[in-house]
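In what follows, a structure is listed as structure tokens, so that the remarks can point back to it.
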Amino acid sequence: METEQQKRLRASRRAVIKLGTGIVTGGDGQFNVAHLAPVARTIARLMQEGRQIVLVSSGAVGLGRGRLRLHRDRLNDMVMKQSCAAVGQSLLMHEYEKLFRAFDISLAQVLLTESDFVDRTRYSNLRQTMEALLKLGVLPVINENDTVSTAELDYLNIRAGERIFSDNDRLAALVMSHIDADALVLLTDVDGLMELGPSGAKDAGAKVIPLVEEITLELKSLALGPSEGGRGGMLTKLAAAEIAMQAGGVAVIANGTKPETLEKIFEGAPAGTVFVSKTRMAGKRRWIAYAAGVRGRVIVNAGAREALTGGKASLLASGVTGVEGEFDAAEVVSIVDAEGLEFARGISDYSRGDAQGLIDTGTGAGRTGEGRASNGAPHPPEGAERTSKRATVLVKRDNIVLLDRK
């Protein structure tokens, strides 16, 4: 009997399909036509049925390495990896052009960087461009712009551990969330998320977990370890599936080396591990939680943490004990407790300097040259200034997202 999640996949009208490095390239660094020909046929059929498909493809680095005849160890050097990406990206698009030409499908290359998600204007422009391409019947082929990614991290003042996406699994999920797709399909070289076998390890006796409705610590422990040749592993795929679930969609992790896999997924037949959730996070809140770049930290006391996690309070200056980093008004900040544990994110109404002025006592900091606070309100009389500042809202409730740190 067909399950509800299988019905949703069969009925999906817009989907993002991500192909891992192990699907796109072989061990010799060459384009793997044997894996990709059946994928292309299925995508062509889905588009002929009127479905809108976005393809997120890894493989540029591997193709570039193959063309340059470099050993895999050379990719440990970031500059060499970026050079391989620059060489391989044109090779990747050329191979896809040949593959989809037989189906008369036009392709569009879309290279994305962190700032396409961090900057709200560029984030909006990306949505408009993607909508236009899909309405034109084009197949967008998306990849991270590896050639400039490191320089961009420095420009955005984002530390490596705070990256919005460092692999194409998460990138695919962010795209899926941004364009409100119904489904995210992550094709890899394993059958799905595996249970532990009889020996307590992922051995030949292990079975695929067919359905996940909540991503727990136990599931994450099953997913540890990177994939050979790619940057991601099963743990990054779980993170991507979690974003898709928050977007109200269905995610699937399945084996793309099997020619019938993609066909089965969209026919509603069992394949891989399916992820579904009964809850959905609004688009703006998903941007705050997953896509926006975090520019600073706001440290709060125990009372403020309790009020925020209760789900009804805004963040007042009276609950803040310190601010760190450099951020402007309307930028996203991390909200942490006294131990430094991040439990929420939000859009600050104030810059770092003005926020510091609001929590300082009796310094008069936070004034502007016009005699107004950074939110445009006139300053109160001098005697009431301290009380007013401490009661000022730094982050509004509607702009706060609580984070699940399981």
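Throughout, read-outs are computed from the coordinates displayed, never taken from laboratory work. What you are looking at is a predicted structure, and each value in this text was computed from that prediction instead of being measured. Ideal geometry is used to build each Cβ from the backbone, glycine not excepted, and the neighbour counts take in all protein chains shown.
Remarks
- In terms of the mean number of neighbouring beta-carbon atoms within 10 Å, the peptides 11-19, 273-281, 60-68 order highest first as 60-68, 11-19, 273-281.
- In whole percents, the pair-distance distribution calculated for region 4-281 from its alpha-carbon pairs, binned every 5 Å from zero, is 1, 6, 13, 17, 20, 18, 14, 8, 3, 1, 0.
- Straight-distance crosslink candidates among lysines, where the alpha carbon sits under 22 Å from residue 396 and sequence neighbours closer than 8 are dropped: 284, 312
- Cross-link check: pairs 98/135; 258/278; 135/220; 207/278 evaluated at a Cα-Cα cut-off of 28 Å; pairs beyond the cut-off: 258/278; 135/220.
- Listed from fewest to most Cβ neighbours within 10 Å, the set 105, 43 follows the order 105, 43.
- Beta-bridge orientation, region 4-281: approximately 20 percent antiparallel, per DSSP, counting only bridges with both partners inside.
- Peptides 320-332, 237-249 ranked from most to least packed by the mean count of surrounding Cβ atoms within 10 Å: 237-249, 320-332.
- Rough spin-label spacing in nm, given labels placed 7 Å along Cα→Cβ, for residue 104 and residue 48: 1.1 nm
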